[in-house]
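Reading through the structure tokens given below for one structure.
The values are calculated or read from the model by the stated rules, or taken from the named source; none is laboratory data. All values derive from a computational prediction rather than experimental measurement. Glycine gets a Cβ as well: all are built from the backbone with ideal geometry, and neighbour counts include every protein chain shown. These area figures cover heavy atoms from the full protein model, side chains too; ligands, DNA and RNA do not enter into them. Shrake-Rupley method; radii C 1.70, N 1.55, O 1.52, S 1.80 Å.
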Amino acid sequence: MSLWTRRQLLEATQGSEGAPPKLYISPLLSPTQIGQVSIDIRLGYDFLVSVLNRQPTIRVVGDESSMLPGPKAHFQETRREVGDRFVLYPNQLVLGTSIEYFAMPEDAYAEIAPRSSYSRLGLAVGGIMQPGFRGCVPLELLNHGNVPVELTVGARICQVRILQLDEGSDYHDEAAERKYYGQVRPTVSKAAHDSELPLLLQLPRVIRAPGLPDRSG
């Protein structure tokens, strides 16, 4: 596994020796977004803002028969235009996306991190793009500081580092099972859709290793 350099990033986005681009990014508004080992990405227009409501917790359960609200009830949609300000408050979680749409190659994946200048303001951003991913970059924004931060829609707040894998993957063969494939707007957590959760509800309350005696009585 190796980190792509500027030369590799330029070749992948522009194509080389008559080959089509290996990495698709649109729109790439400025060539200066491509650095020595990373690509700067811009804050998009749409946001899902975490809000408090009457529910004491965010439920992540596999019981589809439950009438209680899921994670979506804890987020409020809002939208800004390029150049508008968006205020991120201390300890607030906001889901966003990049302006750029990515189509990742099958033999590389990407790590997402804040630019150093925004880390110094308390901004935390994390995540990855799987090999073969299609969509706008998902951004989970969190203000670790104790002062609200004004972000500008369209500003380069994050960076993407791309790592080469030793072999390709079958991401598209699994696309039907991917929860966030092709997203262009923020999407709340779909952890409650994990196939293992309904199975866990059917298991005994205490799971013991084979051969151990039952001392529950």
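Roll a 1.4 Å probe over the protein chains and send me the accessible area per residue for the chain in Å².
Heavy-atom SASA per residue in the chain reads 60 Å².
Round to the nearest 0.05 the FRET efficiency obtained for ASN53 and SER2 when R0 = 35 Å and r is the Cβ-Cβ distance.
Taking R0 as 35 Å, the efficiency between ASN53 and SER2 is 0.15.
Which net charge results for the neighbourhood of ILE39, defined as the other residues with beta-carbon distances under 14 angstrom from its beta-carbon, given Lys and Arg at +1 and Asp and Glu at -1?
So the environment of ILE39 carries a net charge of +3.
Would you work out which of GLY126, GLN14, LEU141 lies farthest towards the positive end of the dipole of the chain? Charges go on Cβ: Lys and Arg +1, Asp and Glu -1.
Value computed over the given set: LEU141.
Test of understanding: what is the full-extension gain from ALA191 to ILE128, defined as 0.36 nm times their sequence separation minus their Cα-Cα distance?
Working: separation 63, 0.36 × 63 = 22.68 nm, distance 1.62 nm.
Using 0.36 nm per residue and subtracting the Cα-Cα distance, I get 21.1 nm.
If the chain between VAL87 and GLU140 were fully stretched, how many nm would it gain, using 0.36 nm times the residue separation less the Cα-Cα distance?
Extending this stretch completely gives an extra 17.6 nm.
When only Cα pairs under 8 Å and 6 or more residues apart are kept, what is the percent relative contact order across the chain?
26 percent
Give the lysines reachable from LYS72 as a straight Cα distance under 18 Å; neighbours fewer than 8 places away on the same chain don't count.
The qualifying lysines are LYS179, LYS190.
Longest exposed-loop-site-free stretch of the chain, with GluC sites (Glu not before Pro), DSSP loop and at most 12 other Cβ within 10 Å?
On the way: sites that count: GLU17, GLU64, GLU81, GLU167.
Longest gap between qualifying sites, sites excluded: 82-166.
Which ³J(HN,Hα) values in Hz, rounded to whole numbers, follow from the phi angles of region 35-45 under the Karplus curve 6.51 cos²θ - 1.76 cosθ + 1.60, where θ = phi - 60° and Gly and Pro get x?
Running phi through 6.51 cos²θ - 1.76 cosθ + 1.60 with θ = phi - 60° gives x, 6, 9, 7, 10, 6, 10, 9, 5, x, 8 Hz.
222 nm [θ] for the chain, helices only, -39500 (n - 2.57) per DSSP H run of 4+, per residue, to 500?
Calculated mean residue ellipticity at 222 nm is -2000 deg cm²/dmol.
Label region 1-128 by shape, choosing from rounded, prolate and oblate, from the square roots a ≥ b ≥ c of the eigenvalues of the Cα gyration tensor; if a/c is under 1.5 it is rounded, and otherwise prolate applies when a/b is larger than b/c, oblate when it is not.
prolate
Starting from the 7 Å offset along Cα-to-Cβ, what nm value, one decimal, do you get for the label separation of TYR101 and SER119?
3.1 nm
Can you give the local net charge around PRO71? Use residues other than it whose beta-carbon is closer than 11 angstrom to its beta-carbon, Lys and Arg +1, Asp and Glu -1.
+3
Per the 1.4 Å probe, what fraction of the accessible area of the chain, in percent, lies on carbon and sulfur atoms? Could you put the intermediate results ahead of the total?
Values: 6660 of 12980 Å².
Here it works out to 51 percent.
Quote the charge dipole size of the chain about the Cα centre in Debye, to the nearest 20; the model charges only the Cβ of Lys and Arg (+1) and of Asp and Glu (-1).
Charge dipole of the chain: 840 debye, to the nearest 20.
Can you list residues from other chains, or at least 5 along the same chain, whose modelled amide H is less than 5 Å from the amide H of GLN159?
It is ILE41, ALA113, ARG115, by chain and number.
When a/c is below 1.5 the answer is rounded, else prolate if a/b is larger than b/c, else oblate, so apply that to the chain with a ≥ b ≥ c taken from the square roots of the Cα gyration tensor eigenvalues.
Because a/c hits 1.5 or more and a/b fails to exceed b/c, the chain counts as oblate.
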